[in-house]
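For reference, the structure discussed in these notes is given below.
The values are calculated or read from the model by the stated rules, or taken from the named source; none is laboratory data. These numbers were taken from a predicted model, which means no experiment stands behind them. Please note: Cβ atoms are built from the backbone with ideal geometry, for glycine as well, and neighbour counts cover all protein chains shown. Accessible surface is based on the protein model in full, side chains and every heavy atom, while ligands, DNA and RNA are left aside. Shrake-Rupley method; radii C 1.70, N 1.55, O 1.52, S 1.80 Å.
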Amino acid sequence: MERYTGKSVFGGVAIGKLFLYEKDEHQVKRVKTEDNDAEKQRYYKAVETAMEELQKLHDKALKEVGEANAAIFEIHQMMLEDDDYKESVEHIIDSQMVNAEYAIAQTGDNFAQMFSAMDDEYMRGRAADVKDITERLLSVLSGDSQSGINSDEPVIMVADDLAPSETVQMDKSKILSFVTVKGSVNSHTAILARTMGIPALIGSDIKLDKSINGRQGIVDGTNGCIYIDPDEETLERMKKEMRKEQEKKELLQTLKGKEDVTLDGKKIKLYANIGNIRDLANVINNDAAGIGLFRSEFIYLERDTFPTEEEQFAIYRTVAESMAGKQVIIRTLDIGADKQCDYFGLDKEDNPAMGLRAIRICLTRPEIFKTQLRALYRASAFGNISIMYPMITGVKEVDRIKEIEIEVKAELDSQGIEYGNPQTGIMIETPAAVIVSRELAKKVDFFSIGTNDLTQYTLAIDRQNTKLDDFYDPHHPAILAMIKMVADSAHAEGIWVGICGELGGDLNLTKEFLKMGIDELSVSAGKILSVRKVIRETNICEL
């Protein structure tokens, strides 16, 4: 028996045969050519075919993993049409009199090296995307089909790493688990595993050797390890764990329709986080009491120009009507940092997480902000919509927001347009907002604590930097103390307080949050029933 370890991105147990996924790395030869125009035409035709393939992948991803995760294929399409990439290929063909394959491969290598050398973590990540589109073009020119799973039964997939195009093309019914040597907790493999709800490990020390193909394996996603050719004792122990997991899932289903209330009668708002209207089915299927975070920035990220008021209004109205009176909290656009839109024309910043982002963009570009607010206020007439503002640091920002709200409502009144009376709240995700939370609570209807950014700013750690994973500690005493401080401030001024960051779904902290007096938890839809179970089993008075 062999045992290897890795970092878990989704728990549970998977038992099955191992399958080593290997990329089709193309060996490109440098061939002299006499007809440069013909080679460039071959390149243009390959780009057309690759664009069609990427559009199909985008449509497939849209159905399987949602709008936000499908956006990567739109990025790949844009990269294929990039003028710099195109000019480089053309120049190499013309100046060196070589075949299209060599010019594409050389351009891909050069661009990947350029991105890899950049200081910005996000831009370094684009190196993998350049390699992905380059391999796609080479596959088109060589007539190769994309790699798949050559197995008649579901397998545990082992790989060095997986590109987004590879994960989307795979037959999900044949995948029991993912194990990769590279990757981060925010990698496409990790996202897909969480979406599919299957055990997965990244950063594993497993040896990538073809000899593992077909051998029996066990992935223990809970404890972060994989066994190859397990002994009988290990196999039986893991089968027992699998049965327990299945029983837990079945028991959780019985909680549908139950109230989110503690043993001593404290009612909790148990809501879901979503990124687009396609997530609504999961929200309803998992019986969430409402939506605690609608990330409206994805409406902007999926477009190449500003969404109009009517486009936004239609989306917000659909969500409000679909939730049939349940509360829907929509966060105003949170662009900036790792979420960039080229058409916003933002300057490159040395430290974008600390730069012009979220509410700072809205307050410096009021024409964009007002368009979104008009759409939100109009949609509030069709359901229980609340508006939430991100990245607040002080009272001055809230006062300016209220001035703009008044201007928007006056415009709607003058035009005779109907609107509702939405609650307004702010996200607490900076240490500054925590410190002045008592004053902020006098200005709004509710707080929602964004623990992802709060952890990042409090610990001075870039949460996108995988090299700092060991230092990123959302359970740090300082973070928990800040959450308690915010809850106390909110209740002192008579408003409710929730958590919409990743910590909201951390079952190890659910009771602690209830003890602090947190009124609402907004989590990924798949965690609703697990959190409900803890809530219903808790007596706050005894904590």
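Things worth noting here:
- For segment 410-543: relative contact order, % (alpha-carbon pairs under 8 angstrom, 6 or more apart): 21 percent
- Rough spin-label spacing in nm, given labels placed 7 Å along Cα→Cβ, for N285 and K182: 3.2 nm
- Surface/4 estimate of mean projected area, convex hull on alpha-carbon atoms of segment 414-468, nm²: 6.1 nm²
- Scanning residues 5 or more positions from Q423 or on other chains, those with amide H under 5 Å from its amide H are I387, with H placed 1.01 Å from N in the peptide plane.
- Residue-averaged [θ]222 nm for the chain, counting only DSSP H segments that reach four residues, each worth -39500 (n - 2.57): -14500 deg cm²/dmol
- Tensor-based shape of segment 187-315 (alpha-carbon gyration tensor, a/c under 1.5 rounded, otherwise prolate or oblate): oblate
- Length-normalised contact order for the chain - Cα pairs under 8 Å, 6+ apart - percent: 15 percent
- Cut-off under 5 Å, modelled amide H: who pairs with I291 long-range: A272, Q327, V328, I329
- Just so you know, the averaged projected area of the alpha carbon convex hull for segment 261-328 sits at 5.1 nm².
- Under the simplified labelling scheme, the D229-D473 pair shows an inter-label distance of 4.1 nm, with each label point 7 Å from Cα along Cα→Cβ.
- Residue-count net charge about G501 - beta-carbon cut-off 10 Å; Lys, Arg +1, Asp, Glu -1: -4
- Pairs of Cα atoms in segment 341-477 fall into 5 Å distance bins, from 0 up to the last occupied one, in shares of 2, 9, 17, 18, 18, 16, 10, 6, 3, 1, 0, 0 percent.
- Calculated from the alpha-carbon coordinates, segment 81-134 shows an Rg and a Dmax of 11.6, 36 Å respectively.
- Solvent exposure of segment 466-543 amounts to 44 Å² per residue of accessible area, where only protein heavy atoms count and the probe is 1.4 Å.
- Rg(Cα)/(2.2 N^0.38 Å) for segment 437-543, N = residue count: 1.10
- Under the Debye formula (equal points on every Cα, no solvent term), log10 I(q)/I(0) of segment 240-281 at q = 0.26, 0.30 Å⁻¹: -0.91, -0.96
- Three semi-axes describe the equivalent ellipsoid of segment 1-115; taken as square roots of 5 times the Cα gyration tensor eigenvalues and ordered largest first, they are 36, 20, 13 Å.
- Efficiency of FRET from Cβ geometry, E48 and S211, R₀ 35 Å, rounded to 0.05: 0.30
- Cβ-derived FRET efficiency at R0 45 Å, A460 paired with E407, nearest 0.05: 0.75
- Taking the protein heavy atoms of the chain in the context of the full set of protein chains, the accessible area attributed to carbon and sulfur is 48 percent at 1.4 Å.
- Among the protein heavy atoms, those of E250 account for about 110 Å² of accessible surface (1.4 Å probe, every chain in place).
- Reduced Cα scattering model of the chain, Debye log10 I(q)/I(0), q = 0.09 Å⁻¹: -0.75
- Neighbourhood charge, 12 Å Cβ-Cβ cut-off, centred on T430 and excluding it, Lys, Arg +1 and Asp, Glu -1: -1
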